[in-house]
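A.B. asks: Structure below; questions to follow.
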Amino acid sequence: MDPRRSQKIAFAVLLLATLLVVLPVVVILAIIVAKGASAISWDFLFSMPREGMSAGGILPAILGTLYLVLGAVIFAVPLGVMAAIYLVEYSSDNRMSRLVKLAIVNLAGVPSVVYGLFGLGIFVTFFGFGASILSGSLTLGIMILPVIITSSREALESVPKHFRTVSLSLGASRWQTIRHSVLPHALPGILTGMILGLGRAAGETAPILFTVAAFYLPRLPQSVFDQSMALPYHLYVISTQVPGIAENVRYGTALVLLTLVLLLNLAAIVLRSRFRRKKKW
Amino acid sequence: MSETSIDIRALNLFYGDFQALTDIHLSIPARQITALIGPSGCGKSTLLRVFNRMNDLIDGVRVTGEVVINGKNIFAPGIDLLSLREKVGMVFQRPNPFPLTVYENIVFGLAVHRLARRNEYADIVEQALRSVLLWDDLKERLHHSALTLSLEQQQRLCIARVLPLKPQILLMDEPCSALDPSATLHIEDLMRELKKDYTIVIVTHNMHQASRASDRTGFLYLGKLIEFDDTVTIFTKPAQTMTENYISGRFG
Ligand SMILES: Nc1ncnc2c1ncn2[C@@H]1O[C@H](COP(=O)(O)OP(=O)(O)OP(=O)(O)O)[C@@H](O)[C@H]1O
Ligand SMILES: [Mg+2]
């Protein structure tokens, strides 16, 4: 075939594939915005639900999701990063570390409802945290651990080897080397993992179903041992469990969830670009 | 007889089953430049990395024999690696400053070893840059990224980076191989300047460099030290025919 022609075809096909990826995202967004925007109001965002959720706002669900996501991140990021540091910087390639790596990969493939059951068994029942923000956060945290460990590992492995060699040759200890010559340069990649984890933790319903989510709880949680409403579960409830909820309220709730995830991601991305600008090689 | 800085006795080094250094005996004089030459793969870098024990980072390395620095065998149990590396600085083949500012590169070692107060840093940075003749070029750019410097400047910076630790010994593994000829000459001048205060061991592939810059030269072949003598002797009337063949370019 004429190279000019094949070039054109290749270009067109690749462009089409890209558009096909973008298209659903745009359509989903458009539908949600079109159907839900009319529900958004000050009252909707900042007041309690009333009359069996058919009126009032979704504040407890918004705050609940925020707390859960923050809790999950606070639990999973330090733990995941430390595990990644151990795997990359300290452990040598032996049977044990291969086993750990295999376990992490498998953990990533576990369906989220299994995490929910696990959380119910361990945190709610065994540790006796009950259905609470604590149990929910820990469950979500464990769910996002694999993605955080995996992306942290990749970030650490992409730091050039000579940073470590030079640092050690200057008499820095292993830990000083990690702390000052490796981690700062891996931070953007680690934050990417955090962003992915954030989105996932905010959106999942199954893991919070048995561990924290309240069907209808028109007050704000007072402590980490309280139950709480959460956006994804609330959305599920008003869409399928409670008849007669106005369509724009359902789509409005989805819109809020989507916006919340986007805002959290945005914050993390801004943070990341801060670090990128400071550290370049 | 001049003072000895590094005394190597019956040194053997193995990478797993492969013996990279065999029965090396060598006394490296203080405050002189010692060059290690030999064909590729003969063990020059390996020997250099023995002196600050950077070979420890490689899995499966085994060492026998003694290397005495400051009266202590650095392979004796209980040796503090961190202070050994403080005393024995290393400059690598490729200029490899950290992707930090010039200033941060130089204070890195100070911070790691807590050697000075913060308010002394500025003076130490100036002194280090002066020693490598970079101060006038860089005094306005202390807080620019070190990666914006020319390669020669970067390599000078890498030398400056080890100086604040007040090392006794500087190890340089082909420090000029990424530099152009004039930068190479500049670094050699710098080495002659630095040898007043430091023992310098340099690995080089460049016969001219060894003969120009060093006081003593060791010739390694297949992990053995074939000959070690004054540089002039090695390059004019070596005792071994193997050495003679190598420096005259007949092999390697
Ligand atoms: N990490 C390692 N593991 C196993 N063998 C190694 C390792 N590093 C070096 N060797 C082997 O040890 C021998 C000496 O290597 P070394 O790097 O010291 O040589 P060199 O004289 O510095 O060579 P060059 O001039 O190419 O830099 C070589 O045969 C090399 O293959
Ligand atoms: Mg070498």
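The values are calculated or read from the model by the stated rules, or taken from the named source; none is laboratory data. None of these values were measured; they are calculated from a predicted model. All Cβ positions, glycine included, derive from the backbone under ideal geometry; neighbour counts span all protein chains shown. The area values use the complete protein model at the heavy-atom level, side chains included, leaving out ligands, DNA and RNA. Shrake-Rupley method; radii C 1.70, N 1.55, O 1.52, S 1.80 Å.
A.B. asks: Would you check which residues across the range A:172-183 are more than 9 Å from every other protein chain (Cβ to nearest Cβ), open to solvent by 10 Å² or more (accessible area, probe 1.4 Å) and more than 12 Å from B:Ala111 (Cβ to Cβ) and list them?
C.D. replies: A:Arg174, A:Trp175, A:Leu183
A.B. asks: A follow-up question, please. Yes or no: the range B:197-211 includes at least one residue that is away from ligand 1 (no atom under 13 Å from the Cβ), assigned to a helix (DSSP H, G or I) and loosely packed, with under 15 Cβ neighbours inside 10 Å.
C.D. replies: Yes, the range B:197-211 contains at least one residue that is away from ligand 1 (no atom under 13 Å from the Cβ), assigned to a helix (DSSP H, G or I) and loosely packed, with under 15 Cβ neighbours inside 10 Å.
A.B. asks: Quick one: would you say B:Arg161 is assigned to a helix (DSSP H, G or I) and within 10 Å of chain A (Cβ to nearest Cβ)? I'd like the intermediate steps shown before the answer.
C.D. replies: Working: assigned to a helix (DSSP H, G or I): yes; within 10 Å of chain A (Cβ to nearest Cβ): yes.
Here the answer is yes, as B:Arg161 does meet what is asked.
A.B. asks: Here is a further query. Any idea which of (1) more than 8 Å from ligand 1 (Cβ to nearest atom); (2) open to solvent by 50 Å² or more (accessible area, probe 1.4 Å); (3) hydroxyl-bearing (Ser, Thr, Tyr) is the one B:Thr34 doesn't satisfy?
C.D. replies: Status for B:Thr34: all satisfied but (2).
A.B. asks: I need a count of the residues in the range B:42-78 that are within 16 Å of ligand 2 (Cβ to nearest atom) and of a type in the set (A, V, I, L, M, F, W, C).
C.D. replies: 9
A.B. asks: Determine which member of the set B:Arg94, B:Arg130 is within 30 Å of B:His205 (Cα to Cα) and more than 14 Å from chain A (Cβ to nearest Cβ). Lay out the reasoning, then the answer.
C.D. replies: Details: B:Arg94 fails: more than 14 Å from chain A (Cβ to nearest Cβ).
Every option except B:Arg130 fails the conditions.
A.B. asks: If you scan the range B:79-103, which residues turn out to be among the charged types (D, E, K, R) and surrounded by fewer than 20 Cβ atoms within 10 Å (Cβ to Cβ)?
C.D. replies: Of all residues in the range B:79-103, those among the charged types (D, E, K, R) come to B:80, B:85-87, B:94.
Residues satisfying the conditions are B:Asp80, B:Lys87, B:Arg94.
A.B. asks: Look at A:Arg272 and say whether it is modelled with pLDDT under 90 and assigned to a helix (DSSP H, G or I).
C.D. replies: Numbers: modelled with pLDDT under 90: yes; assigned to a helix (DSSP H, G or I): yes.
Yes: the conditions hold for A:Arg272.
A.B. asks: Okay, next question. Identify, by number, the condition in (1) within 28 Å of A:Ala131 (Cβ to Cβ); (2) surrounded by fewer than 16 Cβ atoms within 10 Å (Cβ to Cβ) that A:Ala213 doesn't meet.
C.D. replies: Failed condition: (2).
A.B. asks: Another question about this same structure. Tell me the residue from A:Leu20, A:Leu63 that is open to solvent by 60 Å² or more (accessible area, probe 1.4 Å), in a helix (DSSP H, G or I) and out of contact with any Gly (no Cβ under 9 Å at 6 or more places or on another chain), please.
C.D. replies: Details: A:Leu63 fails: open to solvent by 60 Å² or more (accessible area, probe 1.4 Å).
Of the residues listed, the single one that is open to solvent by 60 Å² or more (accessible area, probe 1.4 Å), in a helix (DSSP H, G or I) and out of contact with any Gly (no Cβ under 9 Å at 6 or more places or on another chain) is A:Leu20.
A.B. asks: Test of understanding: among B:Ile200, B:Ile187, B:Ile226, B:Ile234, which residue is closer than 19 Å to B:Arg49 by Cβ and among the β-branched types (Val, Ile, Thr)?
C.D. replies: Working: B:Ile187 fails: closer than 19 Å to B:Arg49 by Cβ; B:Ile226 fails: closer than 19 Å to B:Arg49 by Cβ; B:Ile234 fails: closer than 19 Å to B:Arg49 by Cβ.
Exactly one residue qualifies, and that residue is B:Ile200.
A.B. asks: Based on this model, can you work out whether B:Ala178 counts as modelled with pLDDT under 90 and within 16 Å of ligand 1 (Cβ to nearest atom)? Quick ask: steps written out before the conclusion?
C.D. replies: Details: modelled with pLDDT under 90: yes; within 16 Å of ligand 1 (Cβ to nearest atom): yes.
Yes, satisfied.
A.B. asks: Being farther than 17 Å from B:Tyr15 by Cα and either under 17 Å from the mean Cα position of the chain (by Cα) or within 13 Å of ligand 1 (Cβ to nearest atom) (or both): is that true of B:Asn96 here? Talk me through it step by step, then tell me what you get.
C.D. replies: Details: farther than 17 Å from B:Tyr15 by Cα: yes; either under 17 Å from the mean Cα position of the chain (by Cα) or within 13 Å of ligand 1 (Cβ to nearest atom) (or both): yes.
For B:Asn96, the condition - farther than 17 Å from B:Tyr15 by Cα and either under 17 Å from the mean Cα position of the chain (by Cα) or within 13 Å of ligand 1 (Cβ to nearest atom) (or both) - is met.
A.B. asks: Filter the range B:170-186 down to the residues that are crowded, with 23+ Cβ neighbours inside 10 Å and more than 16 Å from ligand 2 (Cβ to nearest atom) and list them by number. Full working, then the answer.
C.D. replies: Narrowing the range B:170-186 to residues crowded, with 23+ Cβ neighbours inside 10 Å: B:170-172, B:175-176.
Selection gives B:Leu170 alone.
A.B. asks: Of everything in the range B:213-251, what is closer than 19 Å to B:Ser177 by Cα and surrounded by fewer than 16 Cβ atoms within 10 Å (Cβ to Cβ)? Give them in sequence order.
C.D. replies: Hit for the range B:213-251 is B:Gly249, nothing else.
A.B. asks: Only one of these is in a strand (DSSP E or B), open to solvent by 10 Å² or more (accessible area, probe 1.4 Å) and either free of Cβ contacts under 8 Å to residues at least 12 places away in the same chain or within 14 Å of ligand 1 (Cβ to nearest atom) (or both): B:Thr64, B:Thr22, B:Thr46. Name it.
C.D. replies: Working: B:Thr64 fails: either free of Cβ contacts under 8 Å to residues at least 12 places away in the same chain or within 14 Å of ligand 1 (Cβ to nearest atom) (or both); B:Thr46 fails: in a strand (DSSP E or B).
Answer to the check: B:Thr22.
A.B. asks: Would you say A:Arg276 is in contact (Cβ under 8 Å) with a residue 60 or more places away in the chain, within 14 Å of another protein chain (Cβ to nearest Cβ) and open to solvent by 20 Å² or more (accessible area, probe 1.4 Å)? Reasoning before the result, please.
C.D. replies: Details: in contact (Cβ under 8 Å) with a residue 60 or more places away in the chain: yes; within 14 Å of another protein chain (Cβ to nearest Cβ): yes; open to solvent by 20 Å² or more (accessible area, probe 1.4 Å): yes.
Spelling it out, A:Arg276 is indeed in contact (Cβ under 8 Å) with a residue 60 or more places away in the chain, within 14 Å of another protein chain (Cβ to nearest Cβ) and open to solvent by 20 Å² or more (accessible area, probe 1.4 Å).
A.B. asks: A:Ser97: among the polar types (S, T, N, Q), open to solvent by less than 20 Å² (accessible area, probe 1.4 Å) and at pLDDT 95 or above, yes or no? Working first, answer last.
C.D. replies: Working: among the polar types (S, T, N, Q): yes; open to solvent by less than 20 Å² (accessible area, probe 1.4 Å): yes; at pLDDT 95 or above: no.
Judged against the criteria, A:Ser97 is not a match.
A.B. asks: Follow-up. Name every residue in the range B:105-126 that is of a type outside the set (A, V, I, L, M), surrounded by fewer than 22 Cβ atoms within 10 Å (Cβ to Cβ) and in contact (Cβ under 8 Å) with a residue 12 or more places away in the chain, in order of residue number. Even if it seems obvious, please write down each step before you answer.
C.D. replies: Pass one, the range B:105-126, residues of a type outside the set (A, V, I, L, M): B:105, B:108-109, B:113-114, B:117-121, B:123, B:126.
Those still in the list that are surrounded by fewer than 22 Cβ atoms within 10 Å (Cβ to Cβ) too: B:113-114, B:117-121, B:123, B:126.
Of everything in the range B:105-126, those that are of a type outside the set (A, V, I, L, M), surrounded by fewer than 22 Cβ atoms within 10 Å (Cβ to Cβ) and in contact (Cβ under 8 Å) with a residue 12 or more places away in the chain turn out to be B:His113, B:Tyr121, B:Glu126.
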